[in-house]
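The values are calculated or read from the model by the stated rules, or taken from the named source; none is laboratory data. Here the structure is a predicted model, which means the values were calculated and not measured. Cβ atoms come from the backbone with ideal geometry, glycine included; neighbour counts cover every protein chain shown. Please note that ligands, DNA and RNA were not included when accessible areas were found on the heavy atoms of the full protein model with its side chains. Shrake-Rupley method; radii C 1.70, N 1.55, O 1.52, S 1.80 Å.
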Amino acid sequence: MGESIPARCISVHQALGGGAAGYNLLSFLANVLLLLVAILFFWAKSASLLNRPLPPLPDLEISEETIVKAAGVLQVYANHALSIAREIVIGRNLKLFLQVAFGLWLASYIGSLCNFLTLVYIGVLLSLSVPVLYDKYQHHIDEKLSVTHRIIQTQYRKIDDSLLKKIPLPSSKEKKIQ
């Protein structure tokens, strides 16, 4: 009869601007803080006009005790990371090197699939939903995780026996540098 005009397909990415306006972490944080300040400002103004209580704001100071606790936790993680680096470099631990290399490669691969905001969004969703699901199905999850752990340990032992144990390691007698 006649030629039909094909429907124009527009992706969601193109409909939302198609990447014309880059949205990075700094602009996201600035917009979130702007929204928060505007909400608090209008809440305080309307509270004074309507004789309502002001918005509840916590003490906006960080105590020295909180800083010391945060620094202590950060020190533990930093020392652990430095001990791993020392074991890889000075101890020449090939297994640990391969584990760290695989972990960093996996993090790089996941990071290349989506941008930082998407990863933060997924992290927030998981941090809010996983504990609830774990509480509800704890027995089933623990059972499946133990089976998975056994399978992973078996595969790791196979790789360790077939590949890693065949790699010659330097003798434990190291020359002392004076």
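Miscellaneous remarks
- Every residue from segment 140-164 that is more than 19 Å from Leu94 (Cβ to Cβ) and either at pLDDT below 90 or open to solvent by 80 Å² or more (accessible area, probe 1.4 Å) (or both): His140, Glu143, Lys144, Leu145, His149, Arg150, Ile151, Ile152
- Every test in (1) aliphatic (A, V, I, L, M); (2) closer than 30 Å to Asp161 by Cα; (3) not in a helix (DSSP H, G or I) is passed by Leu57 save one, and that test is (2).
- Residue identified as open to solvent by 80 Å² or more (accessible area, probe 1.4 Å) and at pLDDT 90 or above among Tyr137, Tyr109: Tyr137
- Residues (under 18 Å from Leu29 (Cα atoms), among the polar types (S, T, N, Q) and open to solvent by less than 70 Å² (accessible area, probe 1.4 Å)) located in segment 112-129: Thr118
- When Leu117 is tested against (1) hydrophobic (A, V, I, L, M, F, W, C); (2) touching a residue at least 40 places away in the same chain (Cβ under 8 Å); (3) closer than 24 Å to Asp160 by Cβ, just one condition goes unmet, and that condition is (3).
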